[in-house]
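Here the structure is laid out as structure tokens; the discussion comes afterwards.
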């Protein structure tokens, strides 16, 4: 499975970068996330409870960051397992770029799934990825907004970040990030 997309977040690039590397921000943003642990500056682990069609399971996964170019991007390599429900592994290239007073997260993902997940069909997996991506980006934007980022010009409040958090192409960074590892993320993202 290959996916590409981009997402605009209404926050400065450094703020988005910091949040994409923060375990609390990831936990608050990932659908079904029960735990995110930052093992090191380049490694995260996560536990997620997911439902993909008829498959319901808890997944454990790890993501490693490489090719780090702060605050411009990195490569995520991840894998996750949900026991008999299946597994996922993949890689995502993530870049951040300025867009006015916001940031665009662009990503390219290559992922494979196996077990029961591979048997339920690409259409259902894609629909679930779309839903999870939308939820991730909405939650991520809301998390940043709650943390006080950003303010508009002249001290006026910016439009709600969640209102700008719509998935550009129906695919998800976190299906690529942790959702690839079965749904870590990160983004964005």
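Label positions at residue 67 and residue 127, each projected 7 Å from the Cα along the C-beta direction, are separated by 3.3 nm.
If you bin all the Cα-Cα distances of region 19-84 at 5 Å, starting from zero, the percentages per bin are 4, 17, 25, 24, 15, 9, 4, 1. Pair-distance distribution P(r) for region 1-115, from all Cα-Cα distances in 10 Å bins starting at 0: 14, 42, 35, 9, 0 percent. When the label point is put 7 Å from the Cα of residue 14 along its Cα-to-beta-carbon vector, which residues of region 62-83 have a backbone N closer than 20 Å? Correct set: 68-74.
The numbers here are math on the coordinates, done by the rules we state, and not lab data. Predicted model only: the values in this text are computed from it and were never measured. Using ideal geometry, Cβ is built from the backbone for each residue, glycine included, and neighbour counts are taken over all protein chains shown.
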